[in-house]
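To start, the structure under review is shown below, and the notes come after it.
The values are calculated or read from the model by the stated rules, or taken from the named source; none is laboratory data. Computed from a predicted model, the values in this text were never measured in an experiment. Cβ sites come from the backbone with ideal geometry, for glycine too, and all protein chains shown count toward neighbours.
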Amino acid sequence: MSGSHRLCLRVLGTALAVVCLLAPVGSAFAQDADVTVAMQGLSFAPPTVHITPGQTVLWVNDSPLAHTVTSDDGLFDSDMVDPGGTFTWTADAAGEYQYFCQPHGSAGLKGMAGKIIVDTSMVENADAPQPAMVEASPAQPALVRPDEYYPDH
Ligand SMILES: [Cu+2]
């Protein structure tokens, strides 16, 4: 009776140990990156990402080929990223940053290439709902409808 109980605990303990070993590896990537771009086949997915200054892009090579993440204007260059490998870049300033893979693309968004748009539009988006709230107030006079004031009612 107690023997089978002990076996159950041992299996559970082994399962927990495996989870504990795997968890730190996964969370390490999640903490570092604000946006993830996959290298899939001969393309970057998604090809365009949008971040704000100070945020980090993580490239993950999900393809069986080695690729590079090379800035058009020389700001960053990953060198060869092997299958399963990663590369990160943190944007310091606003701007549009085009990049390409040296073996499979070239500058100017040709072939295997992508773009990082860095701006503060997320802050601008936060202001956007305000005009919509102002528009809601003119609807109030409609509560008093002229056709409800016919004298013969
Ligand atoms: Cu490539």
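Output the number of residues of the stretch 69-110 satisfying the condition of being assigned to a strand (DSSP E or B), of a type in the set (Gly, Ala, Ser) and closer than 18 Å to Val49 by Cβ.
Residues in the stretch 69-110 being assigned to a strand (DSSP E or B), of a type in the set (Gly, Ala, Ser) and closer than 18 Å to Val49 by Cβ: 3 in total.
Residue under question is Ser63, and the condition is that it be out of contact with any Cys (no Cβ under 6 Å at 6 or more places or on another chain), within 13 Å of the ligand (Cβ to nearest atom), of a type in the set (Gly, Ala, Ser) and touching a residue at least 40 places away in the same chain (Cβ under 8 Å); does it hold?
No: the conditions fail for Ser63.
Could you identify the single residue in Val60, Val37, Val18 that is of a type outside the set (D, E, K, R) and either touching a His at 6+ places or on another chain (Cβ under 9 Å) or modelled with pLDDT under 95 (or both)?
Going through Val60, Val37, Val18 in turn, just one is of a type outside the set (D, E, K, R) and either touching a His at 6+ places or on another chain (Cβ under 9 Å) or modelled with pLDDT under 95 (or both): Val18.
Answer yes or no as to whether Phe76 is under 13 Å from Met112 (Cβ atoms) and aromatic (Phe, Trp, Tyr).
Taking the combined requirement at face value, the residue does not satisfy it.
Can you name the residue in the stretch 54-65 that is over 10 Å from Gly41 (Cα atoms) and in contact with an Asp or Glu (Cβ under 9 Å, 6 or more places away or on another chain) and is also surrounded by the most Cβ atoms within 10 Å (Cβ to Cβ) among such residues?
Val57
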